[in-house]
Amino acid sequence: MDLLGILPEILVCLTALGVIVLDLFLDPAKPRTGKLAFANGLGLTLALGTLLGLHWGGYASVETFSGAFLPDLTAVFFRAVLLLAALLTLMLSVGYVQDKLRHPGEFYSLMSLATLGALFLVSASEMLTFYLSLELLSISSFVLVALRKTQARSAEAAIKYLIFGSISSALMLFGFSLIYGLSGSLNFAEINTFLHQQGSEFVYRFTAVEGQSAPAFQDGHLKIELMAALVLILGGLGYKIAAVPFHLWAPDVYEGAPLPVTAFLSASSKVAGFASLMRILETLSADVTVPFWTRMIVILAVLSIVYGNVVAIAQQNIKRLFAYSSIAHAGYLLMGIVALSEFKSRDMALLGLHYYLLVYVLMNLGAFAVMIYFAAKSQSVRLQDWTGLGRQHPWLGFVLTACLLSLTGLPPFAGFLGKFYLFGAVTMMGSQYLWLVLIGVLSSVVSLYYYARIIRVLFFGQTESSGSSPSEQTPPVLLALASGISLVGILGLFVFPNWVIDFVAQINQLI
Amino acid sequence: MALFKSNRAHFYHWLAAFWSGLTLILSLVLLSRYDLNAAGNAFQFVDRLPWMPQFNLQYQVGVDGLSLPMVLLTSLIVCIAVFVSWQTQERSRLYFAMLLIMETGVLGVFTSLDLFLFFVMWELELIPMYFLIGIWGGPRREYAAIKFILYTLLASTLMFMCFLAIYFLSPLQTFDVITLLQNQNNLLAGMGRPLQIALFLSLFICFAVKLPVVPLHTWLPDAHVEAPTAISVILAGVLLKMGAYGMLRFNLGFFPDMMYWMAVALAVLGMINILYGALLALAQTDMKRVIAYSSVSHMGFVLLGLAAFNPIGLNGAILQMFTHGTITALLFIFVGVVYDRTHTRDLAQLGGLSQRMPLAAGLFVITALAAVGAPGMSGFVSEFLIFTGTYGNSLEGLNHFLIQGATIASALGIILAAAYTLWLVRRVFFGPMAERWQELSDINSTELVTVTVLMILVFVLGIYPALLVDYINPASEHLLSWLPKVGG
């Protein structure tokens, strides 16, 4: 038992419970959001500090808890990103929770629990832990979405999310059980070894016809049991990352959920989904399976990129627009996953995925921080009601613009470098994948159109400027801080990406 | 090089003027310290900082005879633009910040010696331009702004693809322009010919949009018409040159054999640009549109000069980039002068303004003559060089005569240029004057200074072009030194 390895998780768990207990003892008549948020933030900061301290203190990564938990460098990276995302979400949520939610204690504690699930998910190294963490994340998210229970939309979204979520995790569980049935093991490493050694039993072999050599086993079809397992598992995770065609819940849930929850779903949930997808695919990668899942991921990627970007054009509701934009971003990231499948592009793909997920958290949450404030100001999430808000709040308008341009992938913001790494990785695979890169970059241009529409509304609109002296009301400190961190992050990571590159290079060496 | 500090500026008019002026002075210092006697192929003042050493990415800048005139032009035009926009009151802080960020981007484009940095700078220039057109523009500014940025971005994604391919698929695995230039024609070794052609064309199209080459030019009139005066000045004076610069530096620099292969196409495209732009300019009723199409026409000469594949033509093309920058800037300044006073650019409503604005009228006539390419002014020199170059082009056989034919046809463009420019002068400044223009004042001192500076430059280069050609010539000779079988 190595408790040091999961010390950050323990801290997060204690935070979640502590916040509930604290909520009991606080006087409900007085505003208590601030205290709860402070307690929660303290816990998360401690956890993040512990995690980084352990890493820099030279804590070695070993498999612990009978192989259930593998806090390797990848896991360290993604846990740090997840804790950062939780902290940012916390900062940007304070004002909203105070005004709109009747249950601040529940919000904070559930958010911590969901984060806890995500933390375990990215470092799980066997299927049961994996599944349980995923459920912890999902169930907390269902409740979070339903938190404004007096609102019909919130309840509807939660039900949709719940139904989609349960079905997809049931299917994924079926996939796991198939794998277990084939390999006789739950442990990722053992499954991988099994597939490497005996994977060739799961393809149809063609006997040689006169003169012709037998087709290599990559050319053979995968047998149905392994194929079904792969499809089911990818489908279950595809739901988590909202990739087309498993995306149907996303727009409605994003729209119905309270704004901070939407921010949380778009950031933490996505990071956890991708980190776990990377790990699962690594587990399931063997000569026989790689061509199959690569083809599947290519299809998912193309569909997500094209569909997300094209449909986002027509959206008037900011939340829906971001739902589709997050679908599109899942597509870009899936391109990176595609590039994982080949050895020569693997390093670049790993770098791209790590870097882009980190940057994606920063730019998305930065955008959400500003949008939560603007939504509160205008009492609306419809784009046309935001006319001229950027002129009234130049600083926040600037942050939102920077985040949107970064999401588009324009320099000098980190989103550009992220796309460069991802697309570069796919280019490295050879010229037969250039068409995929072409789709990616062309869709980025399409995405500029709808992001620029937000910018246009914010700045170009002819407001009557009636009594709108600039910054007549200053935004909450924490929210401004969150937006500031994001801005510094996306600019800083553009100029100094080296430490991420070095970190990922370290991961590669270990592999 | 401290040129890149300019985006640190704080914002108001004087500060903007100070920073852009400082940049101008610095680039003049650069010009004076540029070593003409060094070997023609070398980049000078190379400044290098590692950025992502893991990928051979670096911040690397430097100038050679090709980029130096462009740096000078940029800093000059932006400085002028600051003075031209002296009247801008609305949100001036943001305005000048954007202007200076754009200057940073453009200077970055002209000096960066790393493909990655080049692309970053190329895009960096787009965002401020989007805001500048979109916030301070005319009535249809939002449309023009989004059209501008989508066109250019779509084109630059092609460039991005090409750079990715150059980096990842070539054996060199570097973005370093100096290294790449030393390996011309080997960049895409190991790739199929169709892919090579596709990459080359995608790069070409990207720069063709910026130049702009007909039929990819439709963003230009819209952007010009809607943009405020100073931005039109920069757009025509500097941004269009980025396209031509890119063609010279990358298309010609990296793939000279393919460029050579499509020389006739270049000449024909140039001819179409010249004639089509000129004809459309004749048909416009909006002053700015006339000049916008004249830009299309004049940039055609650059293409034509490229097609010559001899140093004379190339010198002419580069010189044309510079002179067109100054002359078009002048033309747009005059449009701004007229528009500020009359609030219309409609030719039908204007006329006879010389009675109220004699000085402006006189200066405008001189500018118009420069635009037409009257001897003694820089336009004449560059166009003369281009025609001489293309007529004696270095191609052989049928292609030689085809390009000569294109040259002769393009010469018609000069006549057309005379037609639309002088017609413009007549419609605006001469003829009967409408009653309501009685109150107009003549050109003011700020405008006079900017105009005079540019005009002196036009005359000096017209009389003594060697001033700039001395810098350009080694670069263009070097650019052509790799050509296969350069004939007499």
Quiz item: Over all residues in A:496-502, what is the mean tally of Cβ atoms on other chains that come within 10 Å of each residue's Cβ?
Solution: 3
Quiz item: Could you work out Rg/(2.2 N^0.38 Å) for chain B, with Rg from alpha carbons only?
Solution: 0.93
Practice problem: Count the net charge of all other residues whose Cβ sits under 13 Å from the Cβ of A:Phe274, scoring Lys and Arg as +1 and Asp and Glu as -1. | Solution: +2
Exercise. Rounded to the nearest Å, what's the spacing between the alpha carbon centres of the range A:95-120 and the range A:317-338? Just the number, please.
Key: 24
Exercise. Along each of the three principal axes of the Cα atoms of the range B:278-488, give the extent in whole Å, ordering the values from largest to smallest.
Key: 65, 32, 21
Practice problem: Note the full-extension length gain between A:Lys223 and A:Trp499 as 0.36 nm times their separation in residues minus their Cα-Cα distance, in nm to one decimal. | Solution: 95.0 nm
Quiz prompt | Proximal lysines relative to A:Lys149, as straight alpha-carbon distance under 29 Å, when same-chain residues fewer than 8 apart are discounted | solution = A:Lys30, A:Lys35, A:Lys100, A:Lys160, A:Lys240, A:Lys270, A:Lys319, A:Lys377
Quiz item: Over the Cα atoms of chain A, Rg to Rh with Kirkwood Rh, two decimal places?
Solution: 0.98
Quiz prompt | Spherically averaged projected area in nm², based on the convex hull that wraps the Cα atoms of the range A:295-511 | solution = 12.0
Quiz item: Between A:Leu3 and A:Phe174, what length comes free when the chain is fully extended (0.36 nm per residue of separation minus the Cα-Cα distance, one decimal in nm)?
Solution: 58.4 nm
Quiz item: Where does the charge balance sit around B:Gln349 when Lys and Arg score +1, Asp and Glu -1, over other residues with C-beta under 13 Å from its C-beta?
Solution: +1
Quiz item: What angle, in degrees between 0 and 90 and rounded to the nearest 10, separates the Cα long axis of helix A:290-313 from the longest principal axis of the Cα atoms of chain A?
Solution: 20
Quiz item: So for the protein assembly as shown, Kirkwood radius off the Cα pairs, Stokes-Einstein at 25 °C and 0.890 mPa s: how many µm² s⁻¹?
Solution: 81
Practice problem: Please average, across the residues of B:160-169, the number of beta carbons from any other chain that are within 10 Å of each residue's own beta carbon, and give a whole number. | Solution: 6
Quiz item: Per residue, how much space in cubic angstrom lies within the convex hull of the C-alpha atoms of the range A:10-167?
Solution: 109
Practice problem: Report the FRET efficiency, 1/(1 + (r/R0)^6), for A:Lys344 and B:Trp86, where r is their Cβ-Cβ distance and R0 is 56 Å, rounded to 0.05. | Solution: 0.50
Quiz prompt | Nearest-20 debye value, the range A:295-511 charge dipole, Cβ charges on Lys, Arg, Asp, Glu | solution = 340
Practice problem: Measure nothing but the geometry: give the 0 to 90° angle between the long axis through the Cα atoms of A:188-198 and the longest principal axis through the Cα atoms of chain A, rounded to 10°. | Solution: 30
Quiz prompt | Residue range of chain A that is longest and free of trypsin sites (Lys or Arg not before Pro) which are both DSSP loop and sparsely packed (at most 16 other C-beta within 10 Å) | solution = A:224-511
Quiz item: Listing B:Met455, B:Met161 from the residue with the fewest other Cβ atoms within 10 Å to the one with the most, what is the order?
Solution: B:Met455, B:Met161
Quiz item: For the range A:282-329, what D do you get in µm² per second when you plug the Kirkwood radius from alpha-carbon pairs into Stokes-Einstein at 4 °C and 1.567 mPa s?
Solution: 108
Self-check item: Tilt relative to chain B, helix B:141-169 - C-alpha long axis, 0 to 90 degrees, to 10
Solution: 10
Practice problem: Compute the distance in nm between two label points, each set 7 Å from the Cα along the Cα-to-Cβ direction, one at B:Gln349 and one at B:Phe430. | Solution: 2.4
Practice problem: Excluding A:Lys149 itself, calculate the net charge of residues whose Cβ lies under 14 Å from the Cβ of A:Lys149, where each Lys or Arg counts +1 and each Asp or Glu counts -1. | Solution: +2
Exercise. Per DSSP H run of at least 4 residues, take -39500 (n - 2.57); add these up for the protein assembly as shown, divide by its residues and hand me the 222 nm value, nearest 500 deg cm²/dmol.
Key: -23500 deg cm²/dmol
Quiz prompt | Fully extended contour minus Cα-Cα distance, from A:Gln198 to A:Asn317, at 0.36 nm per residue | solution = 37.7 nm
Quiz prompt | Exercise: per-residue mean of other protein chain Cβ atoms within 10 Å, A:30-36 | solution = 0
Self-check item: Tensor-based shape of the range A:15-83 (alpha-carbon gyration tensor, a/c under 1.5 rounded, otherwise prolate or oblate)
Solution: prolate
Quiz item: In terms of modelled amide H atoms, which long-range or inter-chain residues lie less than 5 Å from the amide H of A:Val203?
Solution: A:Lys223
Self-check item: Rough spin-label spacing in nm, given labels placed 7 Å along Cα→Cβ, for B:Thr179 and A:Ile163
Solution: 5.8
Practice problem: With θ set to phi - 60°, apply the Karplus curve 6.51 cos²θ - 1.76 cosθ + 1.60 along the range A:451-456 and write out the HN-Hα couplings as whole Hz, x wherever there is a Gly or Pro. | Solution: 5, 5, 5, 5, 4, 4
Quiz item: So how far, in whole Å, is the C-alpha centre of the range B:346-387 from the one of the range A:36-53?
Solution: 70
Exercise. Can you pull the one-decimal nm distance between simple spin-label points at A:Gln509 and A:Arg382, each 7 Å off the Cα toward Cβ?
Key: 5.8
Practice problem: Considering Cα pairs under 8 angstrom that are at least six residues apart, work out the relative contact order of the range A:295-511 and quote it in whole percent. | Solution: 29
Practice problem: Could you give me the percent of Cα pairs per 10 Å distance bin for the range A:310-424, shortest bin first, beginning at zero and ending with the bin that holds the maximum distance? | Solution: 14, 40, 30, 12, 4, 0
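Every number here is computed from the coordinates shown, using simple stated rules; none is lab data. Just so we're clear, the structure is a prediction, and the values are computed from it rather than from any experiment. Quick reminder, even Gly has a Cβ in these numbers, built from the backbone with ideal geometry, and neighbours come from all protein chains shown.
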